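Novice: Starting off with a structure, shown below.
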Amino acid sequence: MHWVATAAAIAAVMAGASLLQPSDAKASASRPPATRSVPAPDPARADYPVECGPARVDVVERASGDLDGDGRPETVAVVRCHSETGTPPSGVYVLAPAARAGARPTVVATFVDPKERMSVTGFALRGTTVSATLLGYSSPEVPHCCPDLQRKVNWRWRDGKFVLTALPAPGSV
């Protein structure tokens, strides 16, 4: 019985205290702690898993944003081997900030591997969705100048990984 009376008295004190707060009191428990601002990874500093022989890797498109909701920006980079003529296949990579100051950004995901022999156009980042149009070839006989396949795709972080969604093919129902 003594404990019930004590609990009732504490509840009454807490209720009274909540009614008698100073007018300038503000709740701060719902605010997340301040985080240190982390710059987006610089795609020019990354090492990509691309075989270019003596040619350099060119970053042809880039976009940055917090794709996975961890409070740190990632950078998505479209890269290809440098070429004075033609359009070499593209690679699309997600970069995370370097683990320590001065280190290179880390490739944490591959959306398109250049070995798939696709080119990327229409690249964009809207919110947390990365979108692109992939151009490819139906057979090795198709000239490299003239891809004959096209597919619009999106990538989005879901359930701890990036998920690819292929949009309806042109002419499909």
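Novice: Go over the candidates Pro140, Pro97, Pro89 one by one and state the one that is under 22 Å from the mean Cα position of the chain (by Cα), modelled with pLDDT under 95, more than 17 Å from Pro43 (Cα to Cα) and not basic (Lys, Arg).
Specialist: Going through Pro140, Pro97, Pro89 in turn, the sole match is Pro89.
Novice: In region 90-112, which residues are more than 17 Å from Lys161 (Cα to Cα) and buried (at least 20 other Cβ atoms within 10 Å of the Cβ)?
Specialist: Correct list: Ser90, Gly91, Pro105.
Novice: Would you mind stating whether Val112 is within 27 Å of Gly71 (Cα to Cα) and hydrophobic (A, V, I, L, M, F, W, C)?
Specialist: yes
The values are calculated or read from the model by the stated rules, or taken from the named source; none is laboratory data. Predicted, not measured: the structure shown is a model, and the values here were computed from it. Positions of Cβ are generated from backbone atoms using ideal geometry, with glycine treated the same way; all protein chains shown enter the neighbour counts.
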